[in-house]
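The structure under discussion appears below in the form of structure tokens.
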Amino acid sequence: MSPTFTPTTHIYPPTQPLAHAPLSDEWIPIASCPAAYSPLIFEEAVLTLVNHPEYNSTLILRSDVVSDTRLSSEDEPPLRAPRLGALQATRRIHRVLLPRRPGRDGALEQLCTFYSTFKPDKQCLPVCDQSQDQHQHHEDDSQDAPTDTVILTPLPGPSGLPYYHPAVAHLAMRYLPGSAPLLRIEVLFPEVDSEARKEALKPGSKLARQCTTLLQHLHRYTPSYTPQSAHDRLFSREEYQDLYLAMRAFLESDAGKQETGHEGWSEMVSKWKERTGMDGAKHVYEDVGIACWLMLLWRDTFAPPPIDLPSSVQPSASDSTTEESSRSLDIGHTSCPREPSVVSGPQESNSEAPRWAEWSRPMNGFLDLGCGNGLLTHILLTAGYQGRGVDVRTRPSWQYFPSSTQQHLHVKALDPLEILDPLDLHVNEEGEEQWKDDDWDGVWLIGNHADELTPWLPLLSTLLPTSGYASIPCCAWGFDARWERGSALYCPTTDHGGAKALITDDFISSLHLGGGANSNTTTYAGYRIWLASLHAHVGWKVEVDTLRIGSTRAWAIVGRTRRSPIPAEDHTEQDRAHAIVRSVRERGVFRVRVPEGRAGEGRGH
């Protein structure tokens, strides 16, 4: 647990001398607090904020690193970075801050310059080899002073600084050693005397709040911290975030407007909330995120295999090698030196097809089982994907979708036993839609909080000719009723259930359940372990991800790859699925929900 954050906001001009002088007379201390870690940890803490500025401001989406360069004592100070007397520049990160709402805020280039206190009898950090990990120390660490100052220098464009960035020329994060070490934020204004400067230095100003928030995030850094959830396991954060922003822009564009009344997305959501009482915006943002995740998943799953090029046309690594790139550092996929993917926001031009128009997708579309309010189905249809949603009752929201969506939303019951283990020819009831064999051929199954259908998804995908499935479980349901803690697990590699001891810690760890040290003891975690054991038991390779959506139930499991390419073994795993279906029928407890309204008249449980 991090120590309590007790900041001190400095008054300007100071009423008494500070224990540690500012960088120079022009630099003004804004806020400070006790340091809870050693100077060796300070650089790690700053790097976390450099790589993840979104931790400090909800207005920022992320940062893209353009270059990351180690500097030696022989190098000239970085351009635009201040010279600081006894401090030696040791590292320069050039990044681009990307806004969460590109239509409102602009992107911003920024230099992050790392400094160490200069010692005349010792060399500063040498050029670092690319293969060296950022957390490893050099062999001559004893002669290298740790980073104690990092200066952020904005490089604003013609429109000036965006709202989310403090209105300063430079901002310094400092580690001040001593018997009671401190962390301190200092700033340097572009003009010494100005009204804006006077306003910014008043207590409670926007600048004071921004600096205090930054200081708090710097203070609470914990070296041993492990994120509760493992995001971006199937594709990169950058790909997802760029697509999410592009999708939102598309939905507001002419191409994404609705047929009825030519409403834009915002207008439709507003009217929907007014007429149904539902928080349309909350549902929209979450379901746009789920749709983007599915689109990327399908793109990679159904992409054609790469073509092997002759060696004569393979690109040469030396073609793109420069002196600068040879000195750059690869410090993880979220901050690898590369050109930023977005500068002004990943918006789609109205005159061009959206970026996903040519992406691979399921051969016969998707089937959203238990589609509920229909939003996810509507978003995917609007984006040009083929598919439909089914539920046991209509929802008030359905009537506000355009006809092009309404015709793909169906009131329909799904009885897995009748589909997977039919006893006799089912007689059509008046007004009831029937399932046909070609309903499943090449279709991708979606289970987004599918409740009772959740455990059936891996069985349906195993025993029917689907193209795979993705499940985002919420309420814990077993095959017969509500799932209960302590239910027997399925052994991933044998025909026997209840082999709880065979579910190894490594298997559970691979599920990335999140939630801390005791998370595996919760009902939600136990249910996900049970689902994953079932998923593997019937032959699916376990792939999981945690979606970047606001819901606390954002964990997903994907079935797209069979564990065994050997037909005989896959046949064995299909036998396991059949055995589960037969055991459910023999128990006679499972009851399917029937359609409500006319479609369900005449049918009992």
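The values are calculated or read from the model by the stated rules, or taken from the named source; none is laboratory data. Bear in mind the structure is a predicted one, so any value in this text is a computation, not a measurement. Here Cβ is always computed from backbone atoms with ideal geometry, including for glycine, and neighbour counts include all displayed protein chains.
Within the bounds of the stretch 172-184, is there any residue that is within 31 Å of the chain's Cα centre (by Cα), part of a loop (DSSP other than H, G, I, E, B) and within 22 Å of ARG62 (Cβ to Cβ)? No, the stretch 172-184 contains no residue that is within 31 Å of the chain's Cα centre (by Cα), part of a loop (DSSP other than H, G, I, E, B) and within 22 Å of ARG62 (Cβ to Cβ).
Within the stretch 454-470, being under 13 Å from PHE366 (Cβ atoms) and out of contact with any Leu (no Cβ under 7 Å at 6 or more places or on another chain) holds for SER467, GLY468.
If you scan the stretch 382-403, which residues turn out to be of a type in the set (A, V, I, L, M, F, W, C) and within 17 Å of GLY289 (Cβ to Cβ)? Passing the criteria: only ALA383.
For the stretch 486-519, a residue qualifies if it is within 29 Å of the chain's Cα centre (by Cα), in a loop (DSSP other than H, G, I, E, B) and either at pLDDT below 80 or of a type outside the set (A, V, I, L, M, F, W, C) (or both), and the qualifying residues are PRO492, ILE503, THR504, SER510, HIS512, GLY514, GLY515, GLY516, ALA517, ASN518. PRO156: under 24 Å from THR48 (Cβ atoms), at pLDDT 85 or above and surrounded by 13 or more Cβ atoms within 10 Å (Cβ to Cβ), yes or no? Criteria not met by PRO156. Checked against the criterion of being under 34 Å from the mean Cα position of the chain (by Cα), more than 25 Å from ALA481 (Cα to Cα), of a type outside the set (Lys, Arg) and modelled with pLDDT of 90 or more, the stretch 443-455 has at least one qualifying residue.
Of the residues making up the stretch 181-204, those that are small (Gly, Ala, Ser) and loosely packed, with under 15 Cβ neighbours inside 10 Å are SER194, ALA196, GLY204. The set of residues in the stretch 367-393 that are in a strand (DSSP E or B), within 17 Å of TRP477 (Cβ to Cβ) and touching a residue at least 40 places away in the same chain (Cβ under 8 Å) contains only LEU369. Per this entry, SER32 is counted among residues that are closer than 21 Å to PRO166 by Cα, in a strand (DSSP E or B) and among the polar types (S, T, N, Q).
Restricting to the stretch 465-478, count the residues that are part of a loop (DSSP other than H, G, I, E, B) and modelled with pLDDT under 95. The number of residues fulfilling the criteria is 5. Remark: pairs (first residue in the stretch 150-173, among the aromatic types (Phe, Trp, Tyr); second residue in a strand (DSSP E or B) and surrounded by 19 or more Cβ atoms within 10 Å (Cβ to Cβ); Cβ separation under 8 Å; 6+ apart in sequence or on different chains) = TYR164/ILE60; TYR164/LEU97; TYR164/PRO99.
Confirm whether PRO162 is surrounded by 15 or more Cβ atoms within 10 Å (Cβ to Cβ) and more than 30 Å from ASP545 (Cβ to Cβ). Criteria met by PRO162.
Within the span defined as the stretch 172-180, every residue fails to be out of contact with any Asp or Glu (no Cβ under 9 Å at 6 or more places or on another chain) and either surrounded by 15 or more Cβ atoms within 10 Å (Cβ to Cβ) or charged (D, E, K, R) (or both).
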